[in-house]
Amino acid sequence: MDDSDGRFSSFPIIETERLTRAFGQTVAVNALSISIHAGEVFGFLGHNGAGKTTTVRLLNGVIAPTAGVARVFGLDPTTHGHRIRARTGVLTETPALDPRLTARDTLRYFAEIYGVPKQERRRRVDDLLAFFELSSRGDHKVGGFSKGMRQRLALARTLIHDPEIIFLDEPTSGLDPVAIRDVHRMIERLKQRGRTIFLCTHNLIEAERLCDRIAVMAQGRLLAVGDIHQLSSRLDRGHRVSVEVDAADLPRAMQLFLQTPPVVHAEAAANRLADRNGGAQLVLYGVSRRDVPRIIEAAMQDGLQLYRVQPEEPSLEDVYFALQEL
Amino acid sequence: MNWEAIWAIARKDVTVALRTRAVALPLALVPLVLMVGVPVLVGLISGMAARLEIAPADVDVLSRPMPPGFDARYAGLNDAQLGYIYFIVYLFAPMYLILPLMASAVVAADSFAGEKERRTLEALVYSPTTDRELLFAKILGAWIPGALVGLIGFALYVLVGNFMTWYVAQRIVLPNLLWILLAFWVGPAAAVLGLGVTVIASSRVNTFQEAYQIGSLIVLPLVLVVVGQAMGAFALSDGLVALFGLVLWGVAGGVFALAASTFRRTSLLARL
C-alpha cells in the first residue's frame, strides 16, 4: 500500500512490510504495511489491544517480529536495534521514573546513556527543565511530583538526546486539560523543528488535531491509513449536509429531501439558534459538498425556503467507528 | 561496548541503592555486626576467661586437627587465648564471605527486581544499549558494592580482630595469607555468585523482597563450612582457601552464564 502523499521528504524514515508479531495464539500485529516520511506527525489510532505498543517495540528493535520486515532509518530493528534507539525517543504509556532521583539527575543520567556530549549536557538539561516548566523543581526528588509533572519530566527525558523520531504512546493519558494543551503545543513545536512523530493514541480529537496522517488499527490489523480527508472519502455514509428551514416546513422538507438523491436518510437535529429564530435544523445523510447545488435546486423547485445550508465532513470519530464496524 | 552508558547505569544503580533504606541498612549493619560485633563480643568473653584461666566450652575445638604451624606459632598461650585466635583467624573466616554475597545480592535485587517492580526498567530497555551492555552495566552496579563491602569488612575485621587478639593474647594475627586470599580472591567470586543467583531469581519474581530473599539463600552453604570446620571435618588452610576460591569462581561463572542467558530485552518487557 503506497500511502505517502508527497508533502514530506521522499525518504521513508519508517517502513514496514507485512510486519507481524504473535504472542502464542494471539496476533498482536498482523501484516502491517506502512510508510512514514521524515517530518510527519503520524497518528496510530486504535483502542487498547489494537497493537500500538507492540508496533513501537518492533520498530525500536526491542522485540523481534514473527514475520515481515521493518526498516527504520533504513536499518533493520532486529539486527540494528541499538543504532536505531540512539536516534529515537520513546515515551511509554506509563512512563515510570525512579522516585529516588531528582528531576535534574534523571535527565543527566539519560543524557549520559544516550551519549549527549559532556559539554552540552548541562545546557540541554537546563533547557528541557525550563521548557517543561520544571526548573524550580529540578533538584527535587521525583517521588514528590504530581502525575502531570512526572509526565512532563518523562517527555523531557524522551527528548534529552534530540531524537529524530519520537514515539509517543498515549502521551496525554490521565493528564488534566492544561497539561494536555502543553503536550499538544510541544508536539506542534517538535513538528515545526522537522521531527518525525509517531503518535499512538485512542484520543480521536488529539489525532485529528495533530496528525498529518492517521493509521486506524484494530486487533493488530491496519484498517485504513491517510489524512482525515482521505479517510473520510472512504466513508460515503459519513458525509452530511445540515439545512435550516422554517419550523412549520419541517415535515415537508423531510419528505422532499428523502426523495432527492443521493440523500439516504434525514433527521431533525436540535439547534438552539435555529429554534430561537423559529427555524428547525435538518441533517441530510449521504450528501457531500458537491451535492449542495442539487439540494438547493430541489428546495427552490418546491418553493421551500432555506436559511442555511452547511456541508459537513465526517469527523475522525465517524470514520473511526465506521471502520471498526467494517 | 558503550562504556559511557555502562558506567552511567552502574553508577546510578549504586547511588540510588545507597539512598534506599531496605538496601543501605543491611549494607551497613551486616559488616558492623559480623566484622565488629562478633569479634568484640567473643573477645571480651575470651579475655575474661584468659585472665581467670578458664577454658570456655568452645575451646574444645582445639582438640580437632589444627591448621599447619598453628601450635608452633602460638606456643605459650593458654587454651582461652588459643581458642580466640583460632576463632578469629580460622573458624569465623567462612562467615566473612556473607558480606560480599549479601551486599551484591541486595543491590542486584534492587537493580533488577526493584527496577521491574517500579517499572523503571522500560526506559532502559528503549536505550541504545545492547542486551549485553545492559546486563554488564547492571552486574557491574551490583558487583562493585559487593566487592567494596567485602574489602571494607576485611579492613574492619583486621583492625578489630587485631585489637581484640591483643586484648586477649597480646598478639597481632591479621592479615595472614588465608585472609588476604579470602578478601581479594574468594570474596570477589562470592560477590559474582550472589548477584548471579539474584539475577536469575529476579527474572522469575516481581518484587525486590522476593528476589533478595531467594538470593540470600546462597549464604546457607557457608554456615555448613563453619559447622564442618567446628566439628573437625576439615581445617582451613591457605591452599584449601585458594582452591575454594577457584571452585567458587567456576560456580560463579556458571551461574553468571545462566543469568546472562535469561537476560533478554524481550523477556524483560513481557514481565513489565
Q: At most 11 other Cβ atoms within 10 Å plus a DSSP loop assignment makes a site exposed; report the longest stretch of chain A without any exposed trypsin sites (Lys or Arg not before Pro).
A: A:8-192
Q: Quick one: dipole size for the range A:12-233, taken about the Cα centre, charges +1 on Lys/Arg Cβ and -1 on Asp/Glu Cβ, in debye to the nearest 20.
A: 540
Q: Translational diffusion coefficient, Stokes-Einstein: compute it for the protein assembly as shown using the Kirkwood radius over C-alpha pairs as Rh, at 37 °C and 0.692 mPa s, and state it as an integer in µm² s⁻¹.
A: 113
Q | Whole-number percent relative contact order across chain A, with pairs defined as alpha carbons under 8 Å at least 6 apart | A | 18
(Q) Given R₀ = 51 Å, what would the calculated FRET efficiency be for residue A:324 paired with residue B:18, taking r from the Cβ atoms and rounding to 0.05? (A) 0.50
**Q.** Principal-axis tilt of helix B:187-202 within chain B, Cα atoms, nearest 10 degrees
**A.** 40
Q | Sequence of A:29, B:30, A:225 once ranked by neighbouring C-beta atoms within 10 Å, starting from the fewest | A | B:30, A:225, A:29
Q) How much length is gained if the chain between residue B:223 and residue B:257 is pulled fully straight, taking 0.36 nm per residue apart and subtracting their Cα-Cα distance, in nm to one decimal? A) 9.7 nm
Q: Provide, for the protein assembly as shown, the number of lysine pairs with alpha carbons under 17 Å apart, each pair being eight or more places apart or on different chains.
A: 5
Q) Could you work out the helix-only [θ] at 222 nm for chain B, with each DSSP H run of four or more residues adding -39,500 (n - 2.57) and the total divided by the number of residues, to the nearest 500 deg cm²/dmol? A) -21500 deg cm²/dmol
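Quick note: the coordinates plus some simple rules give every number you see, no bench work behind them. Just so it is clear, the model here is predicted, and its values are computed rather than measured. Quick reminder, even Gly has a Cβ in these numbers, built from the backbone with ideal geometry, and neighbours come from all protein chains shown.
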